[in-house]
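Accompanying notes for the structure given below.
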Amino acid sequence: MAQENLEKHSRWDRIKSILSAAALLLAVIGGIAMAGGGALWLWANDLRDFGLGVMGVGLGIFIVAVIFSTVNVRQALSGQRGRFAINAIVMISAFVGIIVFINFISYSNVGRMDTTASKQFSLALQSV
């Protein structure tokens, strides 16, 4: 019984050490899978379900990589470069969100306006 418990424990330690060593590779593979799945979902209408599956698998691989390299992730995020990177990501996300919101509002409310000085392209009030 004790030998089986020791064997299971050592097997788990071996798996943890292998995954910790391969965390960077797993993170890269997960990121590529998420980007590829997103591209499939975005541009190939027939492969949208497959693209979602690939994105899900990529996200799972990426999460495994983050879990098994928590020390490295914590060090990267808590350092000065990490704080600057997080700040830059937040600002870029806010900028993109504002642009998408403005685009959505302007796409929904189409209104043409004649900005010429003589108003030569405007319709008369009787014709509207």
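What follows is calculated from the coordinates using simple rules that are stated; it is not laboratory data. For clarity, every value in this text was computed on a predicted model and none was experimentally measured. Cβ sites come from the backbone with ideal geometry, for glycine too, and all protein chains shown count toward neighbours.
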Residues of the range 14-48 with amide N under 16 Å of the 7 Å Cα→Cβ point at VAL64
14-34
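Could you work out the helix-only [θ] at 222 nm for the chain, with each DSSP H run of four or more residues adding -39,500 (n - 2.57) and the total divided by the number of residues, to the nearest 500 deg cm²/dmol? Each step should come with its number before you reach the end.
Details: 5 runs with 99 residues, N = 128.
-26500 deg cm²/dmol, from helical runs alone.
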Applying the Karplus parametrisation 6.51 cos²θ - 1.76 cosθ + 1.60 with θ = phi - 60° to the phi angles of the range 19-28, what ³J(HN,Hα) value in whole Hz is obtained for each residue in order, glycine and proline being reported as x?
5, 5, 5, 9, 4, 5, 4, 5, 5, 5
Along the dipole axis of the chain (charges at Cβ: +1 for Lys and Arg, -1 for Asp and Glu; origin at the Cα centre), the most positive-end residue among GLN75, SER122, VAL110 is GLN75
Option label - Cα extents along the principal axes in Å computed here, alternatives (1) 68, 52, 22; (2) 95, 43, 21; (3) 44, 28, 25
(2)
Percent relative contact order for the range 12-68, counting Cα pairs under 8 Å at least six residues apart, stands at 45
Per-residue HN-Hα couplings for the range 51-67, Karplus 6.51 cos²θ - 1.76 cosθ + 1.60 at θ = phi - 60°, whole Hz, x for Gly and Pro?
x, 5, x, 5, 5, x, 5, x, 5, x, 5, 5, 5, 4, 5, 5, 5
Burial ordering of ILE67, ILE29, ILE98, fewest other beta-carbon atoms within 10 Å first
ILE98, ILE67, ILE29
Which order do MET91, MET34, MET113 fall in if you start with the one that has the fewest other Cβ atoms within 10 Å?
MET113, MET91, MET34
Looking at the chain, which longest stretch skips every one of the trypsin sites (Lys or Arg not before Pro) that is in a DSSP loop with at most 15 other Cβ atoms within 10 Å, leaving the sites themselves out?
1-111
Take LEU42 and ILE89, extend 7 Å from each Cα along the Cα→Cβ direction, and tell me the distance between the two endpoints in nm.
1.8
